[in-house]
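**Q** One structure, as structure tokens, below. Some questions next.
The values are calculated or read from the model by the stated rules, or taken from the named source; none is laboratory data. On a predicted model such as this, the values are computed, not experimentally measured, just so you know. Note that each Cβ is placed from the backbone with ideal geometry, even for glycine, and that neighbours are counted across all protein chains shown.
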Amino acid sequence: MRIENFIYFFTICGFFIGLVFSIINFNDPMYILFYTFLITLFFYLLIHLSIASFLDIKSLSKNIFDKSKYEEVSDYFIYELENREKKINSLVNVTENISREKKSRANSDELHGKIAA
């Protein structure tokens, strides 16, 4: 869950708790508005302090995505894929050469067999 959602949730909770508390205890509209605002502000600051004490944004973002490590791993995989591609291409060339030699031997054997017969 995103941090902003916690802030929104606790601010709204603070607003409604403050509103209920103010309506129960006061009859004057100015007191109701003032104490509702005060309790909402308290909840808003409380959630910010809680989030600040539990999360360190810089370390969180580094743990989520470490660019240097990602680039290092990506470069390694690219290097390995290029090496494997070269090996596979050389093996394909060798097998093609072997199959060509077999075909040429078979053709030459047929020609020699026909000539001998």
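**Q** Within segment 10-40, can you find the residues that are within 25 Å of Ile51 (Cα to Cα) and either among the hydrophobic types (A, V, I, L, M, F, W, C) or outside the structural domain of Ile51 (by TED's automatic domain parsing) (or both)? Spell out how you get there, then give the answer.
**A** Looking only at segment 10-40, we keep the residues that are within 25 Å of Ile51 (Cα to Cα), and these are 10-19, 35-40.
Of everything in segment 10-40, those that are within 25 Å of Ile51 (Cα to Cα) and either among the hydrophobic types (A, V, I, L, M, F, W, C) or outside the structural domain of Ile51 (by TED's automatic domain parsing) (or both) turn out to be Phe10, Ile12, Cys13, Phe15, Phe16, Ile17, Leu19, Phe37, Leu38, Ile39.
**Q** Here is a follow-up. Taking the condition in a helix (DSSP H, G or I), of a type in the set (A, V, I, L, M) and in contact (Cβ under 8 Å) with a residue 12 or more places away in the chain, does Ile88 pass? Spell out the reasoning first.
**A** Numbers: in a helix (DSSP H, G or I): yes; of a type in the set (A, V, I, L, M): yes; in contact (Cβ under 8 Å) with a residue 12 or more places away in the chain: no.
Against the criterion (in a helix (DSSP H, G or I), of a type in the set (A, V, I, L, M) and in contact (Cβ under 8 Å) with a residue 12 or more places away in the chain), Ile88 does not qualify.
**Q** In segment 44-62, which residue that is surrounded by 10 or more Cβ atoms within 10 Å (Cβ to Cβ) and either at pLDDT below 75 or among the β-branched types (Val, Ile, Thr) (or both) is farthest from Ile17 (Cα to Cα)?
**A** Lys62
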